[in-house]
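Here's the structure, in C-alpha cells; my notes come after.
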C-alpha cells in the first residue's frame, strides 16, 4: 500500500516549510580557468570550420555542386559545440561543453 504522506513535501501548503535548494556554485577562479581553456578550443574550432569550408568548396567544384554529407554533418556538430561553448563563456549556461559533458 502506498504511503499516504509520500507527497506531503510538494503540496502547496507545505512548500513554504521546506528549506530552499542552494544551487551548486562554481568557484569563479575555476570558471576563469575553464573559460580560458574553452576560448582556445573555440579558436581551434573556428580554424576547423574554415578548413572544412575550403575542402567542401573543392569537393563541390569537383562533383557538380554536390556537397559531402559527412563534412556537412561535421560542420554542424562543430557549430553546435561552438554555440554551447559560447553560452558557457557568456554565463548564459552553467553547463560546460564537451569534453566535460556529452557531445550531442
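Which one of these is under 24 Å from the mean Cα position of the chain (by Cα) and either at pLDDT below 70 or over 25 Å from residue 100 (Cα atoms) (or both): 4, 23, 12?
Among 4, 23, 12, only 23 is under 24 Å from the mean Cα position of the chain (by Cα) and either at pLDDT below 70 or over 25 Å from residue 100 (Cα atoms) (or both).
Right, residue 82: closer than 24 Å to residue 32 by Cβ, without any contact (Cβ under 8 Å) to a residue 60 or more places away in the chain, loosely packed, with under 14 Cβ neighbours inside 10 Å and touching a helix residue (DSSP H, G or I) at 6+ places or on another chain (Cβ under 7 Å) or not?
Taking the combined requirement at face value, the residue does not satisfy it.
Residues to consider are 83, 72; find the one that is part of a helix (DSSP H, G or I), out of contact with any strand residue (DSSP E or B) (no Cβ under 6 Å at 6 or more places or on another chain) and closer than 30 Å to residue 26 by Cα.
The match here is 83.
Quick one: in region 85-96, of everything that is touching a helix residue (DSSP H, G or I) at 6+ places or on another chain (Cβ under 6 Å) and modelled with pLDDT under 95, which residue is surrounded by the most Cβ atoms within 10 Å (Cβ to Cβ)?
96
Kindly evaluate residue 45 against the criterion of being in a helix (DSSP H, G or I), within 11 Å of the chain's Cα centre (by Cα) and in contact (Cβ under 8 Å) with a residue 40 or more places away in the chain.
So residue 45 fails the test.
The values are calculated or read from the model by the stated rules, or taken from the named source; none is laboratory data. The model shown is predicted, which means the values in this text are computed figures rather than measured ones. Cβ atoms come from the backbone with ideal geometry, glycine included; neighbour counts cover every protein chain shown.
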